[in-house]
Structures are given as C-alpha cells and as structure tokens.
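Notes follow once the structure below has been shown.
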Amino acid sequence: MWCGEKYRVYSLRMKFPFFRGDKKRVYLDYASSTPIDPSVTRILTESFAVFYNPSSIHKEGVLARNKIELARSEAVRFIDAQPDEIIFTGSGTESCVLAIRGVVEQARSVVGKPHVITSMIEHASVLETIKDLERRAVIRATYLQPDHEGRISVDDIKESIQEDTVLISVMMVNNEVGTIEPIKDIGLLVRKHKNEKGYPLFHTDASQAVLYNEISVLKLHTDLLTLDGIKCRGPRGIGLLYVKRGIRLAPVLTGGGQEKGLRSGTENISAICGFAHALTQAKQEREVETNRVEEVRAYAKIKIKNVIPNVVFNESKTHHSPHILSVCFPACDAEFVVISLDALGIAAAWGSACKSIHGDTSSYVLAAMGKDDCMQSSVRFSFGKETTKKDIDALCDALVELVHRKVITTT
C-alpha cells in the first residue's frame, strides 16, 4: 500500500474498539508467528544472565559454551540427529539460504553448472534464493507444479533428476494451504539416485511442521532440514539447519568461524536455549495438541460453510496439517476481507507474511495449484494452542457482519 492508503486504513481502524484495546481480539495467524510459550520465557530470562562470549577460553566463556552445547544436545533429540549435525542460525530463512547456497557453492567445484529441483509453491526463502542463483547463471533450476491439492509428485521428481542435479528442496508442510508433502518418499527416491559424488542432496523446510508432525531425519531420509523458532512457540531470531554427517557446505556468512565455520557471528545464547526448550515442549504436547487443533479446524470448516455456503477450501483432504485452513471467498478481494476482519477484531492473513510485505495480494501457491479463481480471494486462518471453538464462533460472527456489509458475497 502507498503511505496515503496506509494512513486511511489506520484512521478507519482506530474508529473500532478493538484497536483501542477495549475488546479482546482473536488471533488466527499462527502460521505467521506463534506466541512465546511461558516456559520458554523463563528459560530466556535465566539465560540472559549468561552474557559471556562462548568463544572465550576463560571460565565464564566455557560456561557460555556449555550452555549452548547442552541446548544443542536437547534440540537434536527433536529430530533424531546428533549434536554435531546441528547448525544454529538467525532464522528459518537463513537456514534455507545456507542449505541452498551452501550446497550449490560447494558443488560448483565438481559440477560446472549445478542443477537444482524445487517446487513452485515453496516458501519465498527457497524460491527467491534459487531464482537469484538462476538469474546470475550460477545454476539451472526445475520448478515442479503441484496437483490441485498442493501435493508434489514423487514421479515428477524422479523424471526431473539429471546427472548434474545437486539439490532437491521440497517443504514438509506448505505455509499457505497446509498441504503435507510426501517427504519420506522423496527422501527414499533421492537416496536411490545419489551418484558417486554424493549428489543429489535432499533439503526440506519443516518450519510449519514442527508443532503437529513427527520430524525424524532418520525416517524422512533428509540430508538437510530447516526449523524456525518463531513457528514453534520459541524465541524470534533463531533457527537451525540439520546437516547430515559427511555433507560439506560452503559458508554464507564468514568471519569468526562459529557453528563449524558455517555461521560466523557470536552465538545468541538465550535464543538457542529457549529454542531448544520450545522443541522439547512441542514434542511433549504434539499428540494432544494435534488432535485438539484438528477438531478446531473441522469445526471451523462447518461453521464457515454454514455462514457462507459458496466458500471453497484450498486443501488436501487427506494430507493436511491441522493448524492451517485456506478459505476462498469467491469474487471477493482477500486483502479487503483481511482488513475488514482486522477492524472487527480478527487477525488473519491473505497469504504468507513474507509475501504481504511486498503488497502482493495474489497467491502464487494457488496459481500453481490451478486455482486461478481463488488467487486473490483466499484468506488463511491458522490456529494454535490458544485457539478455541469460541474463537471460531467470533470469526463467524465477523463473517456474518462482512456479508451484511457486502464485503463478502454468498452467491
């Protein structure tokens, strides 16, 4: 939006009590960011006292280093890995960028112009990195189209593998429509097609899967895997990249050589400790929360359909994550629907938060799925630990109001 439009929307919003703090708001954007768990906040607070540089060799520095390594040992249990296979980064985006650029740069010494395979519906951190490398003629890339439910075909990947393919990157759970990809099957396929140089490697961004799906690198057969603290009730500004033993990456950040030389910069001790605890907490609560959130999602589908009979759900009926529900309101402007819901106290999204920064209101994910009629008419509602059926009732009350205001049509 232009500055004038932003001011107009701000002025309009301030007329409503929700923006003055008079009424409770309903947060349905957990796929964008989760609240920090209270137990994680306690860990963060305790860790703030350890301000020492973990690269120092004095007693205090060793204390700081021990805190990081204990957290690393805790974090790896979440994905069935070993401590030396974890690289802490500053975000999920950084982890994806390190995986892609690290593999490509390392491979260029043995493969002239590497070939990379990905899908058309990946997170921007993956797509934009690959497109940048492609624009600069560093790599050749193949972008696979999903089916109408957002699933990537394993056969399509098989047919796309070439002699110089060095990396295949497919996300575990799509951040916009919630489709779960066949990661285990892709991992097995890639393992069968590795050449004598160890390529191709397989990377998956599992950031959206962390709270509701089992993530075991041993079962998924991944070579590289990304997680993000902001998606699992952990601290902001922390992520990790799993790098299977024996795999060599070129660093993206150079400097002091921290994190095995792959992520230079003094480590963020408190964020690392908080992230590790958040992963432990997520694993303990996964089964109960998955079932509960699935009930909330099913309830939301019924209630929304009752209010607006012509809605379309952008989903895989059999392979979806319980916390994401993409809803198409035919012939409506998704951005205007989200702004109107916001004014009525409901926080939702018309796509990923990263895409919204650039003011892009059309969905490249839905376009790739062949849902052209829903590209600019779909809103993402995403749920979390605090979401209840009462929140869904409040959402539906707001949708009824938008129907009355003709923001949403029912025919």
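The values are calculated or read from the model by the stated rules, or taken from the named source; none is laboratory data. No experiment lies behind these values; they were computed from the predicted model shown. Backbone-built Cβ (ideal geometry, glycine too); neighbour counts: all protein chains shown.
Just wondering, is there one or more residues in the stretch 317-332 that are modelled with pLDDT under 95, assigned to a helix (DSSP H, G or I) and of a type in the set (D, E, K, R)?
no
Just for the stretch 45-66: of the residues that are in contact with a Ser or Thr (Cβ under 7 Å, 6 or more places away or on another chain) and assigned to a helix (DSSP H, G or I), which one is nearest to Pro235 (Cα to Cα)?
Ser47
Just need a number here: residues in the stretch 77-125 that are modelled with pLDDT of 95 or more, under 22 Å from Lys260 (Cα atoms) and among the polar types (S, T, N, Q).
Of the residues in that region, 6 qualify.
Results for (1) in a loop (DSSP other than H, G, I, E, B); (2) under 30 Å from Lys197 (Cα atoms); (3) of a type in the set (Ser, Thr, Tyr), shown as yes or no for each residue.
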{"position": "Leu249", "(1), (2), (3)": "yes, yes, no"}
{"position": "Gly255", "(1), (2), (3)": "yes, yes, no"}
{"position": "Gly265", "(1), (2), (3)": "yes, no, no"}
{"position": "Ala278", "(1), (2), (3)": "no, no, no"}
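Report the residue count in the stretch 309-334 for those that are within 14 Å of Cys374 (Cβ to Cβ) and in contact (Cβ under 8 Å) with a residue 40 or more places away in the chain.
Residues flagged as within 14 Å of Cys374 (Cβ to Cβ) and in contact (Cβ under 8 Å) with a residue 40 or more places away in the chain within the stretch 309-334 amount to 14.
Among the listed residues Glu69, Glu94, identify the single one that is surrounded by fewer than 18 Cβ atoms within 10 Å (Cβ to Cβ), outside any loop (DSSP other than H, G, I, E, B) and of a type outside the set (Val, Ile, Thr).
Glu69
Give the residues of the stretch 191-209 that are touching a strand residue (DSSP E or B) at 6+ places or on another chain (Cβ under 6 Å) and either within 22 Å of Leu249 (Cβ to Cβ) or of a type in the set (A, V, I, L, M) (or both), sorted by residue number.
Passing the criteria: Tyr199, Pro200, Leu201, Phe202, His203, Thr204, Asp205, Ala206, Ser207, Ala209.
Quick check on the stretch 33-45: of everything there that is in contact (Cβ under 8 Å) with a residue 12 or more places away in the chain and over 22 Å from the mean Cα position of the chain (by Cα), which residue is surrounded by the fewest Cβ atoms within 10 Å (Cβ to Cβ)?
This residue is Ser39.
Please state which one of Ala250, Ala271 is under 26 Å from Gly229 (Cβ atoms), within 21 Å of the chain's Cα centre (by Cα) and of a type outside the set (Asp, Glu).
Values: Ala250 fails: within 21 Å of the chain's Cα centre (by Cα).
That would be Ala271, the only listed residue that is under 26 Å from Gly229 (Cβ atoms), within 21 Å of the chain's Cα centre (by Cα) and of a type outside the set (Asp, Glu).
Looking at (1) buried (at least 17 other Cβ atoms within 10 Å of the Cβ); (2) touching a helix residue (DSSP H, G or I) at 6+ places or on another chain (Cβ under 8 Å), which is the only condition Tyr299 fails?
(1) is the only condition that Tyr299 fails.
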